[in-house]
Amino acid sequence: MNDIRHNWTKEEITEIYERPLIGLILDAADMHRRYHKVGEVQISSLLSVKTGGCSEDCGYCPQAARYQTGVKVQALMKTDEVVAAAKSAKAGGASRFCMGAAWREVRDNTDFDRVLEIVKEVNKLEMEVCCTLGMLNEYQAERLAEAGLYAYNHNIDTSEEHYHEVITTRTYDDRLNTLEHVRKAGISVCSGGIIGLGETDEDRAGMLLTLVNLPEHPGSVPINALVPVAGTPLGENNRVPFDDLVRMVATARILMPRSAVRLSAGRLELSVAEQGMCFLAGANSIFAGDKLLTTANPEFNADVAMFRTLGLRPKAAFADGHPKNREKAIAHEPC
Ligand code: SAM
Ligand code: DTB
Ligand code: SF4
């Protein structure tokens, strides 16, 4: 049977998500072994290059100006500060450097010019450069591609049906349009979502349905567990049970065999054994560094110890193909 499909139904996805957990993990592990080197984990480092003061109302986000979360607004960082952070991330084993900005969308101004300059400089470090800057038009996506951007993160967050319960200042279609601009510009799409937003299992299947039926599966799929932040509308939500996270990872792995499935926000709450189950279920990417954008992430030394315990090793940059050679990356065969 063809593993790479774009015609899944929600019923098929639900059937996978609801399998008995151990069987589901083994099914996902089989798929993982067919398409990836077991134990190889991509390490991405995150840096918030422009923090807080965002005009959007995303119910989970500590950076929305309208919520009192104690996040300090910080203007766009200077190029040399960002490059210094990228060098130190590389020294710590990261092969991808992802820069986040608390913007609704990119505007054609001097800040964007600086982001383009930063992308060019970080690219010289032979790291995979990624940005997450909010919505982009076609022209902005092309300019980022020309500057050497490898990947663009833009999450769909949840199902189309649940989206307006979480965010009202933009639509699901706005998100999908940006993803299309990114894809057309030849930039690797990084898109996933968050669990723990008050969604149902059907919404979770719906979110994966949107991702898997895109014209190409995203190169990376971040699966975030909500980090509840006081002051946000979802700040009182319960943490998601670890087995829900394992289910999401495993289902994403089965649906999108070639993609990197990133165990993203929420790792701090997981034991090494629980994270180990996620790696077994097909997670092969993490955000490393003691901070995500504004919230805490496991300490560097704790991740080094976890890699040793679980027998994991960092994946090299551009192992799936250099952007200059993107066709090769897309066509790569199962190993
Ligand atoms: N402003 C840009 C945007 O929204 O696309 C980029 C930065 S935004 C903070 C990046 C992603 O972080 C969001 O799409 C969301 O999926 C994730 N995120 C934000 N707050 C979170 C939280 N409290 N817990 C888990 N994930 C979160
Ligand atoms: C993604 O999917 N998760 C990251 C990254 N992409 C940009 C962000 C997580 C943010 C968690 C809340 C915070 O630290 O502000
Ligand atoms: Fe702004 Fe992005 Fe946070 Fe939404 S998720 S409030 S767009 S920074």
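The values are calculated or read from the model by the stated rules, or taken from the named source; none is laboratory data. Only a predicted model underlies this, so the values are computations on that prediction, with no experimental measurement involved. No Cβ is skipped: glycine too gets one built from the backbone with ideal geometry, and neighbour counts run over all protein chains shown. All accessible areas refer to the heavy atoms of the entire protein, side chains included, with ligands and DNA or RNA removed. Shrake-Rupley method; radii C 1.70, N 1.55, O 1.52, S 1.80 Å.
Using equal-weight Cα scatterers in the Debye expression, the normalised intensity of segment 193-245 in log10 at q = 0.21, 0.24, 0.25 Å⁻¹ is -0.82, -0.97, -1.01. Placing a pseudo-label 7 Å from each Cα along the Cα-to-Cβ vector at residue 180 and residue 30 gives an inter-label distance of 3.7 nm.
One equal scatterer on each Cα of the chain, no solvent, Debye formula: the resulting log10 I(q)/I(0) at q = 0.08 Å⁻¹ is -0.33. Using a 1.4 Å probe on the protein heavy atoms, what percent of the accessible area of segment 162-236 belongs to carbon and sulfur? Carbon plus sulfur share of accessible area: 47 percent.
Between residue 302 and residue 237, the FRET efficiency estimated from the beta carbon spacing at R0 = 30 angstrom works out to 0.75. The alpha-carbon of residue 87 sits under 19 angstrom from the alpha-carbons of these lysines, leaving out residues fewer than 8 places away in its chain: 50, 78, 120, 124, 291, 315. Whole-Hz Karplus values for segment 11-19 come out as 5, 4, 5, 4, 4, 5, 4, 8, 4 Hz, taken residue by residue from phi with 6.51 cos²θ - 1.76 cosθ + 1.60 and θ = phi - 60°; glycine and proline positions read x. Stretched out straight at 0.36 nm per residue, the stretch from residue 18 to residue 273 would grow longer than its current Cα-Cα span by 89.6 nm. The relative contact order of the chain, computed from alpha carbon pairs under 8 Å that lie at least 6 residues apart in sequence, is 25 percent.
Segment 91-130 and segment 223-239 have Cα centres lying 27 Å from one another.
Here the calculated FRET efficiency for residue 9 and residue 310, from their Cβ-Cβ distance with R0 = 35 Å, stands at 0.50, rounded to the nearest 0.05. Here's the picture: a label point sits 7 Å out from the Cα of residue 120 along the beta-carbon direction, and within segment 48-81 the residues with their amide nitrogen under 16 Å of it are 79-80.
Among beta bridges identified by DSSP and lying wholly in the chain, the antiparallel ones come to about 5 percent. Three semi-axes describe the equivalent ellipsoid of segment 33-120; taken as square roots of 5 times the Cα gyration tensor eigenvalues and ordered largest first, they are 27, 19, 13 Å.
Here's the list of aspartates and glutamates a cross-link from residue 184 could span, going by alpha-carbon distance under 15 Å and ignoring same-chain residues fewer than 8 apart: 138, 142, 146, 216, 327. For a modelled paramagnetic label at residue 201, 7 Å from Cα along Cα-to-Cβ, the residues of segment 249-270 in reach, with backbone nitrogen under 14 Å, are 251. Maximal additional length on extending the residue 142-residue 66 stretch stands at 24.2 nm, based on 0.36 nm per residue less the C-alpha distance.
Distant-in-sequence amide contacts of residue 225, defined by a placed amide H-H separation under 5 Å and a gap of 5 or more residues or a different chain, comprise 195, 264, 265, 266.
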